[in-house]
1. Rounding to the nearest 10 and keeping the result within 0 to 90°, find how far the Cα-based axis of helix 17-27 lies from the longest principal axis of the chain.
2. Taking 0.36 nm per residue of separation and subtracting the Cα-Cα distance, what length does fully extending Ser38 through Ala87 add?
3. Considering only protein heavy atoms and a probe of 1.4 Å, how much of the accessible area of the chain is carbon and sulfur, as a whole percent?
4. Relative to the longest principal axis of the chain, what angle (0 to 90°, nearest 10) does the C-alpha long axis of helix 59-73 take?
5. So what is the orientation-averaged projected area of the chain, using the convex hull of its C-alpha atoms, in nm²?
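The values are calculated or read from the model by the stated rules, or taken from the named source; none is laboratory data. From a predicted model like this one, the values you see are computed outputs, not experimental measurements. Just the protein is used for accessible areas: all its heavy atoms, side chains included, with ligands, DNA and RNA removed. Shrake-Rupley method; radii C 1.70, N 1.55, O 1.52, S 1.80 Å.
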Amino acid sequence: MNMKAVITVVGTDQVGILARVSGMCAEAGVNVDEVTQSILGGTFAMIMLVDVSGCNMEYTAFAQKLAEGGRASGVDIHITRQEVFDAMHRI
């Protein structure tokens with residue numbers, strides 16, 4: 001069964017953000033399905049739809065790895081399971 005999640009990345013634009021985040025996903029066995037990114041007045045913003053079904057670590061450990069990697073890179077990285085994301089945005 002596919003388990004999807006949404007990764008958001010926000011911070012000052014710098015070279016290699018996409019590569020670092022997708023690299024963390026690859027190391028964890030997480031497949032990137034879709035990516036959209038934009039630079040808004042010098043602020044980098046990216047949303048990734050990923051498949052965490054094949055993740056080789058606990059979901060919470062992966063979320064912590066992303067957050068720590070983001071802090072080390074000077075960006076905020078958050079992951080939310082797709083079903084939670086969908087429920088939060090249903091009105």
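1. Taking Cα atoms only, the helix is inclined about 30 degrees.
2. Values: separation 49, 0.36 × 49 = 17.64 nm, distance 2.49 nm.
Answer, rounded to one decimal: 15.1 nm.
3. Solvent-exposed carbon and sulfur of the chain make up 55 percent of the total.
4. 10 degrees
5. Working: hull surface 24.4 nm².
It is 6.1 nm².
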